[in-house]
Amino acid sequence: MIVSTIGQGLLWSLLGIGIYLTYRILNFPDMTTEGTFPLGGAVCVTAITSGIHPILATLLGVLAGMAAGFVTGILFTKGKIPVILAGILVMAGLNSVILFVMQSPNKGLSNFPRIQTFFTNLNLPNYFDIVILGLLAVIITIILVLFFINTDLGQAYIATGDNEVMARSLGIKTDRMKILGLTISNGVIALSGALISQNDGYADVSKGTGVIVIGLASIIIGEVLFGELAFAERLIAVVVGSIIYQAIITLIIYLGFDTTYLKIFSSTILAICLMIPTLKEKLNLKTGLEKEA
C-alpha cells in the first residue's frame, strides 16, 4: 500500500508542477487544467489502441495539452477574456474534443502495452514499476523546467509574473510569456493525465473533474511543510506534497469511508491547508500579546 501510494503521488505530482507554473509564477488559476488532464489521457490511450508506441502516444498527449493551453493563452491575451473564463471556455470545449478523439465516453487499455510494461522484465516487486516510472517522469520534468527557467526566456517569464509593468518597461512581451506559460503548464498537466490513464488502464471524459483541487493541495501542503524555498526546492516540495496528499486519501479509504465522497475530503484537506498560515499568524499574535501582558 505504501509503495503504491508513493507511485500514485509521483504521477499526480506532475499535475501539481503544471499548476504551479501558472498559479504561483503568473499568479492566476488556470481552469483549463480540468480539460487538459483528461485530454492527455484520451489522446494517449486512443493512440496506444491505434498501434502507436506508448512513449510516442504519451508525447502526443502532451502536445494536445500544450495546444489547449495555447488556445487559452490566445483567448486571454489577444481576446481580452478574463483568464478564469478563458480557461472555463476551453475546458468546456475540450469535453467535446475528448469525445471526438475516443468516439466514446471512455476507452480501455486491456491487452495493450503501456509504458510501465517495459519494466516487467526487471522482475520488480508489486507497484515498483509505477514508482520507477513516476521518478523518471518527475526527474525529467523538473530538469526541463529548471533548464527553461534558467534561460533568458525563462527569466522573462519569471519577471512577467513578478511585476508585469516592470517587465514591459524592460521590453519583455508579457502577452507572449503568458501564452508560453499556459502552453508549457498544460503540457505538463496532460503528461500527468496520460501517465495516470496508463496506470489506471483507461481514459474517461470525466476524469478531469476536481483535479485542480488535487494539484493545488499538493502545492499548498508542500508550502506549509517547507515554507520559503529556492525554485528547484519548491518543485520538489510539490512532489512531496503530492505524495502526502495521496497518503491522506489512502488512509481515508483504508478507514472505510465511502469513496463516492472523496471530492469533499479533497476540498476539506485543501481548505485546511490554506487556513494553516492564517491560523499560525493568529496564534503567534496571541502568544505575543500574552507575553506582553
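Give the number of residues within segment 268-286 that are open to solvent by 60 Å² or more (accessible area, probe 1.4 Å) and at pLDDT below 80.
Result for segment 268-286: 11.
So which of Ala203, Ala156 is over 17 Å from Ile19 (Cα atoms) and either of a type in the set (Ser, Thr, Tyr) or touching a residue at least 24 places away in the same chain (Cβ under 8 Å) (or both)?
None of the other options fit; the residue is Ala203.
To keep it simple, each residue is scored yes or no on (1) among the acidic types (Asp, Glu); (2) in contact (Cβ under 8 Å) with a residue 40 or more places away in the chain; (3) in contact with a helix residue (DSSP H, G or I) (Cβ under 9 Å, 6 or more places away or on another chain).
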site: Ile84; (1), (2), (3): no, yes, no
site: Val90; (1), (2), (3): no, yes, yes
site: Gly93; (1), (2), (3): no, yes, yes
site: Leu109; (1), (2), (3): no, yes, yes
site: Leu122; (1), (2), (3): no, no, yes
site: Gly134; (1), (2), (3): no, yes, yes
site: Ile140; (1), (2), (3): no, no, no
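Out of (1) within 20 Å of the chain's Cα centre (by Cα); (2) surrounded by 13 or more Cβ atoms within 10 Å (Cβ to Cβ); (3) closer than 30 Å to Thr174 by Cβ, the odd one out for Ala92 is which?
All conditions pass for Ala92, except number (2).
May I ask you to verify whether Phe119 is at pLDDT below 90 and over 18 Å from Leu182 (Cβ atoms)?
Yes: the conditions hold for Phe119.
I'm trying to understand the selection: among the residues of segment 239-266, which are assigned to a helix (DSSP H, G or I), loosely packed, with under 12 Cβ neighbours inside 10 Å and without any contact (Cβ under 8 Å) to a residue 12 or more places away in the chain?
Thr259, Thr260, Tyr261, Ile264
If you go through segment 62-69 one residue at a time, do you hit one that is touching an Asp or Glu at 6+ places or on another chain (Cβ under 8 Å), assigned to a helix (DSSP H, G or I), surrounded by fewer than 24 Cβ atoms within 10 Å (Cβ to Cβ) and aliphatic (A, V, I, L, M)?
Checked segment 62-69: no residue is touching an Asp or Glu at 6+ places or on another chain (Cβ under 8 Å), assigned to a helix (DSSP H, G or I), surrounded by fewer than 24 Cβ atoms within 10 Å (Cβ to Cβ) and aliphatic (A, V, I, L, M).
Just for segment 7-58: of the residues that are assigned to a helix (DSSP H, G or I) and either on the phi > 0 side of the Ramachandran plot or in contact with a Pro (Cβ under 7 Å, 6 or more places away or on another chain) (or both), which one is most open to solvent (accessible area, probe 1.4 Å)?
Within segment 7-58, the match that is most open to solvent (accessible area, probe 1.4 Å) is Tyr23.
Hey, can you tell me all the residues within segment 218-233 that are of a type outside the set (Phe, Trp, Tyr) and within 22 Å of Ser267 (Cα to Cα)?
Within segment 218-233, Ser218, Ile219, Ile220, Ile221, Gly222, Glu223, Val224, Leu225, Gly227 meet the criteria.
The values are calculated or read from the model by the stated rules, or taken from the named source; none is laboratory data. Note that the structure is a prediction, hence the values are computed from the model and not measured. Using ideal geometry, Cβ is built from the backbone for each residue, glycine included, and neighbour counts are taken over all protein chains shown. Just the protein is used for accessible areas: all its heavy atoms, side chains included, with ligands, DNA and RNA removed. Shrake-Rupley method; radii C 1.70, N 1.55, O 1.52, S 1.80 Å.
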